[in-house]
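Engineer: I'd like to ask you about the structure that follows.
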Amino acid sequence: MLYYLPLEPYIERYTYYMSCVDGWAETNFKKYGVNFVRIDGEKLGDTIKDGVVLDACGRSYYAMSQIMKVVELINNGAIADDDVIYVEDFWHPGIESLFYIRQLKGMKFKIGTFIHAQSVDDTDFSYKMKDWMRPIEQGFGNQYDFIFTCSHILRQLCIVAGVAREDNIFHVGLPYNSERLIEQLKADGWEPQKKDGSVIFASRFDDEKDPMFFLDLVEACPDIKFNLVNPRKNRPITTNTQVLTRLTDIVSRPNSNLKIVNTFDKVTYYTELSKASVLINCAHQDWVSWTMLEAITFGAYPLYPIWKDFEYELKGNPRYLYEKRNLKDCKTKLNALITKHYNAVNYDDVKDLDYVVEKHDNSWHRYLEIMGLIK
């Protein structure tokens, strides 16, 4: 039996479709015939009030309430030695309780997880917490039986930092599910769109995504239409006042080529992505990038810096890669992609990149194999 502890779904995050009931993970469990029990936590709210990718209080409350339910199942004898408990994020407050119980009771159930970044990534928000967080990460990493990652670079960082061992961390891919995503969208009323030659910036507009470079590019390409998505309904698009001031100035200019699109629901976000011809990324902090997978799924050319995993994922194809923070190179590559003429709904123009999506679509099959749940 697999006991699945999903991340809390937020409308502004990919978890909304990934971690929901019958989401990307559960669809794969059913596809491969894996018996599972979903264990939801208790939520403090439906929005991120404090924090970057998850709510500061909400993450702990949700995760620990999930652990309480698992502890009760163990206490009642419902969880057996050959079962697997899977938590959707390495940083799962309360997980130490399961390590503690497992050892004291002499049980052999396994525990798996996915590591998104953590303090081993010096561009991640958690890096500032490394003085107190690293020893805890090392304790967690020593006790997890299976740690999955999408990045060979991140895998090595974890091993060097003692956050994982060679034998318990596996470079597989992001737990994506493009087929299920499109099904979910259509059920919510989304329809394919005609390409309009626009460029979309879909990363968070936080410092680690290099928003200033994006604004440099906008000003360097006055003839190109740019859209910046904003999924944050109840908080500012950025907390960096310098970035916000410059963004406001550019958007407010007459005939500005930059538009902020409020994407407070997923249909609006994916509609904008469907229209876009190019998705631009200039992040310092990103591993593979969910937006890369989404761009390819919806027929937008990805344009990414030669940085971290991007060159590896895109097989060094110069069409889709530019020298990091080199404005001239980025502008040249962007113009080359934009010259492609779109006059119909045609997501096949990026077919040469289908291998990227297919790789990550198959991640769950590999996770389940490694955890011994399928052969």
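The values are calculated or read from the model by the stated rules, or taken from the named source; none is laboratory data. Computed from a predicted structure; not experimentally measured. For neighbour counting, all protein chains shown are included, and Cβ atoms are generated from backbone atoms with ideal geometry for every residue, glycine included. Ligands, DNA and RNA are excluded from the accessible area calculation, which covers all protein heavy atoms including side chains. Shrake-Rupley method; radii C 1.70, N 1.55, O 1.52, S 1.80 Å.
Engineer: Under a cut-off of 15 Å between alpha-carbon atoms, report the aspartates and glutamates in cross-link reach of Lys225, not counting same-chain residues fewer than 8 places apart.
Structural biologist: Hits, sequence-local ones excluded: Asp196, Asp216, Glu272.
Engineer: With every atom except the alpha carbons ignored, what do you get for Rg and Dmax of the range 128-181, in angstroms?
Structural biologist: 12.9, 41
Engineer: Net charge near Asn227, counting Lys/Arg +1 and Asp/Glu -1 over other residues with Cβ under 11 Å of its Cβ?
Structural biologist: It works out to a net charge of +1.
Engineer: Taking Lys375 as the anchor, which lysines have their alpha carbon closer than 27 Å to its alpha carbon, excluding any fewer than eight residues away along the same chain?
Structural biologist: By straight Cα distance, Lys375 reaches Lys30, Lys31, Lys108, Lys110, Lys359.
Engineer: Round to a whole angstrom and tell me the spacing of the C-alpha centers of the range 241-319 and the range 38-70.
Structural biologist: 28 Å
Engineer: Can you tell me the alpha carbon radius of gyration of the range 209-276 divided by the globular rule-of-thumb value 2.2 N^0.38 Å?
Structural biologist: Against the empirical 2.2 N^0.38 Å value, I get 1.11 for the range 209-276.
Engineer: When only alpha-carbon atoms count, how far does the range 242-375 stretch along each of its three principal axes, as whole angstroms with the largest first?
Structural biologist: Each principal axis gives a Cα extent; for the range 242-375 these are 61, 37, 33 Å.
Engineer: How high is the relative contact order of the range 228-334, in percent, counting Cα pairs under 8 Å that sit 6 or more residues apart?
Structural biologist: Over the range 228-334, the number comes to 19 percent.
Engineer: What are the extents of the Cα atoms of the range 156-256 along their three principal axes, listed from largest to smallest and rounded to whole Å?
Structural biologist: So the three principal-axis extents are 58, 38, 29 Å.
Engineer: If you don't mind, another one. Dividing the alpha-carbon Rg of the range 42-95 by 2.2 N^0.38 Å yields what?
Structural biologist: After normalising by residue count via 2.2 N^0.38 Å, the value is 1.31.
Engineer: How large is the accessible surface per residue of the chain, computed with a 1.4 Å probe and reported in Å² as a whole number?
Structural biologist: Using a 1.4 Å probe on heavy atoms only, each residue of the chain averages 43 Å².
Engineer: Enter the angle in degrees (range 0 to 90, nearest 10) between the Cα long axis of helix 241-252 and the first principal axis of the Cα atoms of the chain, meaning the one along which they spread out most.
Structural biologist: Compared with the principal axis, the helix lies near 40 degrees.
Engineer: At q = 0.07, 0.10, 0.13, 0.14 Å⁻¹, what log₁₀ I(q)/I(0) does the chain have when each alpha carbon counts as one equal point scatterer in the Debye sum?
Structural biologist: Log10 I(q)/I(0), no solvent term: -0.32, -0.65, -1.09, -1.26.
Engineer: Next up: Which shape class applies to the range 1-83: rounded if a/c is under 1.5, otherwise prolate when a/b exceeds b/c and oblate if not, where a ≥ b ≥ c are the square roots of the Cα gyration tensor eigenvalues?
Structural biologist: oblate
Engineer: Next question, about the same structure. If you average the sequence gap of Cα pairs under 8 Å that are 6 or more apart and divide by the length of the chain, what percent do you get for the contact order?
Structural biologist: 16 percent
Engineer: Continuing with this model, one more query. Quick one: with all protein chains in place, what share of the accessible area of the range 171-294 is carbon or sulfur, to the nearest percent (1.4 Å probe)?
Structural biologist: Ligands and nucleic acids excluded, carbon and sulfur give 47 percent.
Engineer: Here's something else I'd like to know. Let me test this: with uniform point scatterers at the alpha carbons of the range 28-135, what is the Debye-based log₁₀ I(q)/I(0) at q = 0.15, 0.16, 0.19, 0.24 1/Å?
Structural biologist: Relative scattering, expressed as log10 I(q)/I(0), comes to -0.77, -0.86, -1.12, -1.38.
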